[in-house]
Structures are given as C-alpha cells and as structure tokens.
1. Looking only at the range 46-59, decide whether some residue is closer than 22 Å to residue 114 by Cα, in contact with a Leu (Cβ under 6 Å, 6 or more places away or on another chain), surrounded by 11 or more Cβ atoms within 10 Å (Cβ to Cβ) and touching a residue at least 12 places away in the same chain (Cβ under 8 Å).
2. Which residue, of 144, 120, is surrounded by 11 or more Cβ atoms within 10 Å (Cβ to Cβ) and either touching a residue at least 24 places away in the same chain (Cβ under 8 Å) or over 20 Å from the mean Cα position of the chain (by Cα) (or both)?
3. Quick one: in the range 117-145, of everything that is of a type in the set (Phe, Trp, Tyr) and assigned to a helix (DSSP H, G or I), which residue is farthest from residue 158 (Cα to Cα)?
4. If residue 151 passes every condition in (1) assigned to a helix (DSSP H, G or I); (2) at pLDDT 80 or above; (3) surrounded by 13 or more Cβ atoms within 10 Å (Cβ to Cβ) but one, which one does it miss?
5. Considering the range 74-101 alone, what residues qualify as being among the aliphatic types (A, V, I, L, M) and over 20 Å from residue 26 (Cα atoms)?
Amino acid sequence: MLSNDFGNIIDGIREGRLIFENLKKCISYVLSSNIPELIPFLLFIAIKIPLAIETIVILLIDMGTDLIPTITLAYEEAEDVIMNSNPRTKDDHLVSAKCLIISYGIIGQFENFASFFAFYWVFYDHGETISSTIGSGIDWRKKYENLDDERREFFTKMCHNN
C-alpha cells in the first residue's frame with residue numbers, strides 16, 4: 001500500500017537494517033559450522049586419525065540441521081539499538097573480516113575443540129590415547145583379514161586394551 005507518510009521512510013530503514021543484520025547472523029551461523037566439519041577431515045588426511053563421522057553424513061546433517069536455525073535467525077526481532085547505529089557505507093559487506101574472524105576463528109574453533117574433546121573422551125574411556133589413534137584412520141574400516149601384520153597387531157592391541 002502506498003502512503004505519503006514520512007514515518008514509513010523510518011519504518012523502511014528499520015526493516016532494511018533488520019534484514020541486513022539477520023542475514024549476517026544466518027551467514028555467521030552457517031560459516032561457524034564449517035570449521036568443526038572440515039578440521040577432522042583435514043586431520044584424517046594429514047595424520048590419519050579416524051573420522052568420527054563420514055563426509056556424506058555431514059552433508060546430510062547440514063541439510064537437516066542448518067535449515068531450521070537459519071530460518072529462525074532470519075525472522076529474529078530487531079534489537080532496540082538498531083536505529084541508533086550509523087548508516088552503512090558502500091564498503092560494508094554481509095561477510096566482513098570481523099564476521100570471518102568471529103565465525104571461523106572463535107565460534108568455529110570452540111565448536112571444533114568441543115567436538116574433538118567428546119570424540120577423544122570416548123576413545124579414552126575405551127583405553128585409547130590420542131597418540132594411539134594417529135595413523136589408524138586409513139585402516140579403520142578395513143576388514144581384519146585384509147590388514148597387514150603390523151596393522152593387525154595394532155588393532156589387536158587396541159581391542160585388548162578395551
């Protein structure tokens with residue numbers, strides 16, 4: 001509906017700022033979940049630790065769990081101070097350096113630490129240490145009969161520890 005009321009301009013600015021802030025929150029949420037999904041895979045490649053979860057399962061989880069929280073963040077109400085901030089400049093982007101640092105460097109690393117802590121806590125409960133799992137990731141899913149003698153000895157020792 002069209003209106004000549006100047007108050008609608010303020011409402012439009014408020015809605016624009018709200019949409020911009022909510023999009024930034026959604027992007028931060030999605031970016032922060034990439035680190036705890038990527039680091040275990042890179043460590044599997046680099047030092048051959050076992051994967052806690054397969055990559056295809058990560059994709060399926062992302063499809064199921066990223067949707068609802070992101071929609072919730074998109075419809076979040078505006079903070080009281082949204083109109084107190086200065087207007088954005090042409091150089092303001094949805095994904096800024098600050099957003100990347102917070103998403104990847106702080107939140108993502110915290111999630112990564114928490115997931116590795118839980119992962120290795122289970123190993124520790126079963127008599128394994130971090131050093132005993134390094135190098136075992138490649139053979140983790142092979143059949144016992146298909147392992148060479150050294151790997152059979154490693155996994156037999158691991159089973160006896162449990």
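The values are calculated or read from the model by the stated rules, or taken from the named source; none is laboratory data. Computed from a predicted structure; not experimentally measured. FYI the Cβ positions are ideal-geometry reconstructions off the backbone, even for glycines, and counts take in every protein chain you see.
1. Yes, because at least one residue in the range 46-59 is closer than 22 Å to residue 114 by Cα, in contact with a Leu (Cβ under 6 Å, 6 or more places away or on another chain), surrounded by 11 or more Cβ atoms within 10 Å (Cβ to Cβ) and touching a residue at least 12 places away in the same chain (Cβ under 8 Å).
2. On the way: 120 fails: either touching a residue at least 24 places away in the same chain (Cβ under 8 Å) or over 20 Å from the mean Cα position of the chain (by Cα) (or both).
Exactly one of 144, 120 is surrounded by 11 or more Cβ atoms within 10 Å (Cβ to Cβ) and either touching a residue at least 24 places away in the same chain (Cβ under 8 Å) or over 20 Å from the mean Cα position of the chain (by Cα) (or both), namely 144.
3. Within the range 117-145, the subset of a type in the set (Phe, Trp, Tyr) is 117, 119-121, 123-124, 140, 144.
Narrowing further to those that are assigned to a helix (DSSP H, G or I): 117, 119-121, 123-124, 144.
Numbers: 117: 20, 119: 16, 120: 14, 121: 15, 123: 10, 124: 11, 144: 13 Å.
It comes out as 117.
4. (2)
5. Initial filter on the range 74-101 (among the aliphatic types (A, V, I, L, M)): 74, 78, 81-83, 94-95, 97, 100-101.
The one that is among the aliphatic types (A, V, I, L, M) and over 20 Å from residue 26 (Cα atoms): 83.
Quick grid of which residues meet (1) among the hydrophobic types (A, V, I, L, M, F, W, C); (2) touching an Asp or Glu at 6+ places or on another chain (Cβ under 6 Å); (3) modelled with pLDDT of 85 or more:
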residue: 54; (1), (2), (3): no, no, no
residue: 58; (1), (2), (3): yes, yes, no
residue: 64; (1), (2), (3): no, no, no
residue: 70; (1), (2), (3): no, no, no
residue: 74; (1), (2), (3): yes, no, no
residue: 77; (1), (2), (3): no, no, no
residue: 82; (1), (2), (3): yes, no, no
residue: 85; (1), (2), (3): no, no, no
